[in-house]
Every structure is written in structure tokens, then in C-alpha cells.
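Have a look at the structure below, then the notes.
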Amino acid sequence: MLILLPPSEGKSSQGSGPPVGELSFPALDKHRTRVLNALIRASKRRDALDVLGLTPGLAGELDKNAALKSAPTLPAAALYTGVLYDNLGLESLDEESRRRAEESLLIFSGLWGVVKITDRIPPYRLSMGVNLPQLGGLAAFWRPKVTKELDRIPGLVVDLRSATYAGAWQPGSRSVTVRVFRDGKVVSHMAKATRGEIARALLRQEVAPASPDELVKALDALGYTVELAEPARPNRPWVLDVHVTDPT
């Protein structure tokens, strides 16, 4: 089983390890270098905030981007600090669940393409939705190379990514896209929390679901209210709607 996650805008402020070196999926390294160099150039432009889609209050992120080649690193498991990752709670997983997390979790990134939680990377600011000068839209830039790498990994794919990051790889009918509803409406903040909770719950199970139906049974046993819909057309994902209520 693979569990696909987006990154988070919230990140730890600084690492303490050596500059970025070897990462998972080394076949992506040439693309990573191209994006890294393009990001450094873009971060030095007068219109850098507009190019990268940042507000004036995030101007300090440009200096971080410009120094990425020498910046200290930390494991991706510790870098991302948003709502999804707070509820995923990697630091409190038991040893076996942590091992499963290291094998199953894939984090998509506008800068690195895709990484595992053990990969050491520096804090950065680059959304997959950015059109980076000389490279264009990053989802389209990454898609061919990431697809070639990830299509060869077998098993069920549980897709917890946001739409921006889903464009970088479309696993087809072996994947299940998870949507979160409250009172019949798709929700955002609560969706991040619920996706984190679901990922954690799946990692803590000794036997990983191997099919969409087994995923439904697993989440139902965990107390979630879910509905599964078959792919709308060939080579498209299954869709799993998770219904949540406000905590009382």
C-alpha cells in the first residue's frame, strides 16, 4: 500500500543536518536540480513574490530559497508541520507503525517531486501550483518522470493529496481518492485533519488493505462513515467519501 500526501505550507524553521544529498527515487535527481536552480533564480527576481505566488509577509522565504544549496536539512517527517501532519503524528507512532510509514508514505513536493519521510531536505517555499520561469507548471513538469518511477511500485494507492499535487501523478484505477464531507459539503481545514487521522490509522494496522473494498472495511471498522464509488471511466481512481461531524 502507498499513501500519498501533500506537503504543508507550515514547516520547521531550520534544520541541523548537512546540505541536501541523496534522496529517494534518484532517477528524479536531474529534474530536482533543474527545479532547484530555477527556484533560486526566481527567488532573486524583483517580482519574485508574484512569480512564486507569495504575499509580502512571506518575503523572508525568498532568502531561504536563495540559499537552499547550502541550507541545513532535517528529515521530511520533521519538516512538515501543518494540520495534516499534526494529526498524522509521526513522532508518536510505535516502531512497527513507523516502519510502515517509512515504506508507505510518499510526500509530493513542487521542489523535490516526491520524497519519503526519511529523506533529509531543507525548509523551502514552492507550491506545485507555481509556473516556474523556464520550466512552466510544476505538476506538468514532474508528471512524466514521477509517473515512470511510481507506476512500477505495486499495490493499492490511498490518495490523500490536494488537487494541486494530484496532478503530478495519476495512479489510475488501483488508487482511491479520499474526499472529506461535513453536512454534505467538501471541507478544507477539517479535511486536512481527517486525512492525517486516516493515514495514521492505516499505518497502525498490522495488515494493509489491498483493494478499495478492503480499505472501506478497514475504515468502517475504525468508526468512519464512508461511501465508495467506482471509477467514473477506465484508468481513473475510485472515490471514497468520508463523512465527518463537528466534535461535541
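What to note about this one:
- Pairs of Cα atoms in the range 2-244 fall into 10 Å distance bins, from 0 up to the last occupied one, in shares of 7, 31, 37, 19, 6, 0 percent.
- Between helix 95-104 and the chain: long-axis angle, C-alpha atoms, 0 to 90°, nearest 10: 70 degrees
- Compared with the direct C-alpha span, the chain from E96 to R143 gains 13.7 nm at full extension, assuming 0.36 nm per residue.
- Modelled this way, with points 7 Å down the Cα-to-C-beta line, the labels at V186 and T55 are 2.3 nm from one another.
- In nm, spacing of pseudo-spin labels at E227 and A67 (7 Å Cα→C-beta vector): 5.1 nm
- Positive-end ranking of M128, P7, L105 along the dipole of the chain, with charges on Cβ about the Cα centre, is headed by M128.
- The range 1-89: trypsin sites (Lys or Arg not before Pro) falling in loop per DSSP and having at most 14 other Cβ within 10 Å: K44, R45, R46, K69
- Between Q14 and E103, residue separation times 0.36 nm minus the direct Cα-Cα distance comes to 29.5 nm.
- This model, with +1 at the C-beta of Lys and Arg and -1 at the C-beta of Asp and Glu, gives the range 2-244 a dipole about its Cα centre of some 1020 debye.
- Cβ-defined net charge surrounding H31, 13 Å radius [Lys, Arg +1; Asp, Glu -1]: +4
- Mean separation of Cα contacts under 8 Å (6+ apart) over length of the range 1-148, as relative contact order %: 38 percent
- Over the chain, Cα pairs under 8 Å with separation of 6+ residues give a relative contact order of 24 percent.
- Helix 189-203 axis versus longest C-alpha principal axis of the chain: approximately 70°, rounded to the nearest ten.
- Within the range 155-248, the trypsin sites (Lys or Arg not before Pro) that combine a DSSP coil assignment with at most 15 other C-beta atoms in a 10 angstrom radius are R204.
- Taking the chain as a Gaussian network of alpha-carbon nodes connected by springs under 10 Å, the highest mean-square fluctuation of the residues P122, P212, P72 belongs to P72.
- Where GluC sites (Glu not before Pro) fall in DSSP loop in the range 144-248, at most 13 other Cβ within 10 Å: E206
- Under 20 Å from the D86 label point (7 Å along Cα→beta-carbon), backbone N, the range 4-22: 5-14
- Over 28 Å apart at the Cα level, from the set K30/K192; K30/K64; K145/K217; K116/K185; K185/K217; K69/K116, are K30/K192; K145/K217; K116/K185.
- Charge tally around A166: other residues with Cβ under 14 Å, Lys/Arg +1 each, Asp/Glu -1 each, net +4.
- The GNM of the chain, with springs linking C-alpha atoms under 10 angstrom apart, assigns the highest mean-square fluctuation among A193, A77, A229 to A229.
- Between 0 and 90 degrees, the angle of helix 212-221 with respect to the longest Cα principal axis of the chain falls at about 80 degrees.
- Net charge of the neighbourhood of D151, taken over other residues with C-beta under 12 Å away and scored Lys/Arg +1, Asp/Glu -1, is +4.
- Computed with a 1.4 Å probe over protein heavy atoms only, the accessible area of L222 comes to about 80 Å².
- Helix-only [θ]222 nm of the chain, DSSP H runs n ≥ 4, -39500 (n - 2.57) each, per residue, nearest 500: -10000 deg cm²/dmol
The values are calculated or read from the model by the stated rules, or taken from the named source; none is laboratory data. Note that the structure is a prediction, hence the values are computed from the model and not measured. Please note: Cβ atoms are built from the backbone with ideal geometry, for glycine as well, and neighbour counts cover all protein chains shown. Please note that ligands, DNA and RNA were not included when accessible areas were found on the heavy atoms of the full protein model with its side chains. Shrake-Rupley method; radii C 1.70, N 1.55, O 1.52, S 1.80 Å.
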